[in-house]
Structure formats: C-alpha cells, structure tokens
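**Q** First, the structure itself, so that you have it in front of you.
The values are calculated or read from the model by the stated rules, or taken from the named source; none is laboratory data. Here the structure is a predicted model, which means the values were calculated and not measured. All Cβ positions, glycine included, derive from the backbone under ideal geometry; neighbour counts span all protein chains shown. What goes into the accessible areas is simple: the full protein's heavy atoms, side chains included, and nothing from ligands, DNA or RNA. Shrake-Rupley method; radii C 1.70, N 1.55, O 1.52, S 1.80 Å.
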Amino acid sequence: MSTAEETTGGEVEPWEEVTPDAARRLLVAAVEAFAERGYHATTTRDIAGRAGMSPAALYIHYKTKEELLHRISRIGHDKALDILRTAARREGTAAERLADAVSSFVRWHAGRRTTARVVQYELEALGPEARAEIVALRRQVDAEVRGIIEDGVASGEFDVLDVKGTTLAVLSLCIDVARWFTLDGPRTPEEVGALYADLVLRMVGAQ
C-alpha cells in the first residue's frame, strides 16, 4: 500500500469514491508525485509510470494534470471541513470542542501527511476557477474554527482580543504539521494532536 493510501494506523485514505480502479490508481500516484517533486516538476508520464500505466491511459480518466490536482484538493478539503464541522457541532463547552477540532485536524495532517502536503501547499498551481472553489472551502474551514472561538469568547471561556487573527494562527499551526511530521519522530499523530490541543487552549486563554 502506498504512502498516499496508508496512515500510521493502517487506515485507508478516502479515495474509495474515485472510480474506476484505474482512475483511483492514477490519483494516488499523483498525490505521491506531487508531494515528492512538486506539481510543476511532475509530468503526466511520471504519474502514469507510478500507477503502472501508459501516459495515454491517464488521459482516458483525466483531461489534464490540473484536473488531477483539483480532484485531490477537493476531496482533501472536503475531508478537512468534515473533521472540523463534526467537532464544532458536537455537544460540550467551547474549550472541549476546540480541543477536539485541533486534535482531530492535527491527527489528519500527521497521519495523512503526504496527501495533506499536496492539499495545503499546491493551491496556487490550480487555475482561477478551480482555485476559487477551493478557496471557498477554505473559508468554510476558517468559519468553523472561528465560530468555536467566538463561542468561547461569548461564554467567557476564552480571552481573545483578535478572533480572526487567532483563528489564522490556530489553523496555520495545525496545517504545518504535514510539512514536518515523520514516522521516525518521537511522537505519534495522536500524541501530536493532544499536544497541539493543549497549546491552542493556552493560546486562547481557556479558563
């Protein structure tokens, strides 16, 4: 199983929605190639070769290399939004919901670091229409975290003067995990998630 499919716990990436199997194999190969070489340095021949297919076979399923990146970005951002939305709408205090949101978001970025690097750092490679779609999803991601922080401020649980700036700081902290996390490091995704949840609660002055 490839690095784009497997996490530290052996969980499979949510690529099952990509059909047929050849299209899925190409998408997984693209994730690995983009993460390793960068979007612009990766050719369609590179992707097809990783998938064990001919370059011509790629165009049966994806018209362009950008279409592959767009599909990867859309699936990844949908998953990220689902993680944060689930945490934001659970029962509990603002502190409990923020800790859940941060720990879950960090675990995803660590456990699916290969995919997350592509999803989070290759946005500018997309064309205007596709980029606008992903930016809209990012605004929804921002809104979920900002909403929890606003709830905490309103209830007196958090002491935050700049909610918008703090939201950006929290999300940046979580996303950057995908850049540096490695299985050879001293902590598991779960441990990093717990650490970051504690750091963020301190950041917002949780009571």
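**Q** Is it fair to say Arg139 is crowded, with 20+ Cβ neighbours inside 10 Å, within 25 Å of Gly205 (Cα to Cα) and in the same structural domain as Ser155 (by the TED database)?
**A** Numbers: crowded, with 20+ Cβ neighbours inside 10 Å: no; within 25 Å of Gly205 (Cα to Cα): yes; in the same structural domain as Ser155 (by the TED database): yes.
So Arg139 does not fit the description; no.
**Q** Moving on. Which residues, taken from segment 26-42, are surrounded by 13 or more Cβ atoms within 10 Å (Cβ to Cβ) and in a helix (DSSP H, G or I)? Working first, answer last.
**A** Of segment 26-42, the ones surrounded by 13 or more Cβ atoms within 10 Å (Cβ to Cβ) are 26-36, 38-39, 42.
Across segment 26-42, the qualifying residues are Leu26, Leu27, Val28, Ala29, Ala30, Val31, Glu32, Ala33, Phe34, Ala35, Glu36.
**Q** Checking the condition under 22 Å from Ala178 (Cα atoms), part of a helix (DSSP H, G or I) and open to solvent by 10 Å² or more (accessible area, probe 1.4 Å), which residue from Arg45, Arg85 passes? Show your work before the answer.
**A** On the way: Arg45 fails: under 22 Å from Ala178 (Cα atoms).
Only one candidate passes the filter, namely Arg85.
**Q** Looking at segment 182-207, which of the residues that are of a type in the set (Gly, Ala, Ser) and in a loop (DSSP other than H, G, I, E, B) is surrounded by the fewest Cβ atoms within 10 Å (Cβ to Cβ)?
**A** The qualifying residue surrounded by the fewest Cβ atoms within 10 Å (Cβ to Cβ) is Gly185.
**Q** A follow-up question, please. Determine, yes or no, whether Ala33 is at pLDDT 95 or above and either touching a helix residue (DSSP H, G or I) at 6+ places or on another chain (Cβ under 8 Å) or more than 17 Å from Arg71 (Cα to Cα) (or both).
**A** On the way: at pLDDT 95 or above: yes; either touching a helix residue (DSSP H, G or I) at 6+ places or on another chain (Cβ under 8 Å) or more than 17 Å from Arg71 (Cα to Cα) (or both): yes.
Criteria met by Ala33.
**Q** Does Arg97 satisfy being under 30 Å from Ala48 (Cβ atoms), among the basic types (Lys, Arg) and modelled with pLDDT of 95 or more?
**A** Working: under 30 Å from Ala48 (Cβ atoms): no; among the basic types (Lys, Arg): yes; modelled with pLDDT of 95 or more: yes.
The answer is no for Arg97.
**Q** For segment 156-171, which positions are in a helix (DSSP H, G or I) and open to solvent by 60 Å² or more (accessible area, probe 1.4 Å)?
**A** Of all residues in segment 156-171, those in a helix (DSSP H, G or I) come to 163-171.
Those that are in a helix (DSSP H, G or I) and open to solvent by 60 Å² or more (accessible area, probe 1.4 Å): Lys164, Leu168.
**Q** Another question about this same structure. Going through segment 121-130 one residue at a time, which ones are of a type outside the set (A, V, I, L, M) and buried (at least 16 other Cβ atoms within 10 Å of the Cβ)? Walk me through how you get there before you give the answer.
**A** Start the filter on segment 121-130 by keeping residues that are of a type outside the set (A, V, I, L, M), which leaves 121-122, 124, 127-129.
Within segment 121-130, Tyr121, Glu122 qualify.
**Q** Go through (1) at pLDDT below 95; (2) open to solvent by 60 Å² or more (accessible area, probe 1.4 Å); (3) not aromatic (Phe, Trp, Tyr) one by one and return the number of the condition Pro55 breaks.
**A** (2)
**Q** Restricted to segment 104-114, and to residues that are part of a helix (DSSP H, G or I) and modelled with pLDDT under 95, which residue is farthest from Phe158 (Cα to Cα)? So that I can check it myself, show each step before the final result.
**A** Taking segment 104-114 and keeping what is part of a helix (DSSP H, G or I), we get 104-111, 113-114.
Filter again for modelled with pLDDT under 95, leaving 111, 113-114.
Details: Gly111: 29, Arg113: 30, Thr114: 34 Å.
Among those residues, the one meeting the criterion is Thr114.
**Q** Still on this model: For the condition assigned by the TED database to the domain that holds Lys79 and more than 25 Å from Glu36 (Cβ to Cβ), what is the one hit in Val192, Val170? Can you show your working first?
**A** Numbers: Val192 fails: more than 25 Å from Glu36 (Cβ to Cβ).
Within the list Val192, Val170, the selection yields Val170.
**Q** Further question: Among the residues of segment 94-103, is any in a loop (DSSP other than H, G, I, E, B) and within 25 Å of Phe181 (Cα to Cα)? Working first, answer last.
**A** Going through segment 94-103, the residues in a loop (DSSP other than H, G, I, E, B) turn out to be none.
Checking segment 94-103: not a single residue is in a loop (DSSP other than H, G, I, E, B) and within 25 Å of Phe181 (Cα to Cα).
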